[in-house]
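See structure below.
Nothing in this text is a laboratory measurement; each read-out follows from the coordinates by a stated rule. Being a predicted model, the structure only gives us computed values, none of them experimental.
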Amino acid sequence: MHQMMRTKRSVRGGMKVRAYPVLCRAIEEGVMYGWRRAHKHTETPDEETVKDHIMTGVLNEVCEYFNFDDDEETR
């Protein structure tokens, strides 16, 4: 079996994440997930159930893409 050898390469110039589009995507995915989840067992979920599932879906998706430094002071 052929084994690939990993070599470290330095990156010059760096990269920056475009946070706004990533955040928008996470929110959109979270809303879609929450909507589907709210309607999983019933055709007519109540408003509170829909809101709760959407909020949970959005927060879960955002946490997939972003880390929050809760220990650091907010400026």
Once fully extended, how much extra length lies between C63 and H41, figured as 0.36 nm per residue of separation less the alpha-carbon to alpha-carbon distance? 5.3 nm
I'd like the orientation of helix 19-38 relative to the chain: the angle between its Cα long axis and the longest Cα principal axis, in ° from 0 to 90, rounded to 10. 40
Which residue fluctuates most in the GNM of the chain (Cα springs below 10 Å): G13, G34, G57? G13
Could you state the angle between the C-alpha long axis of helix 47-65 and the longest principal axis of the C-alpha atoms of the chain, as a value from 0 to 90 degrees rounded to the nearest 10? 0
In vacuum, with every alpha carbon of the chain counted as one equal point scatterer, what does the Debye formula give for log10 I(q)/I(0) at q = 0.12 Å⁻¹? Two decimals, please. -0.58
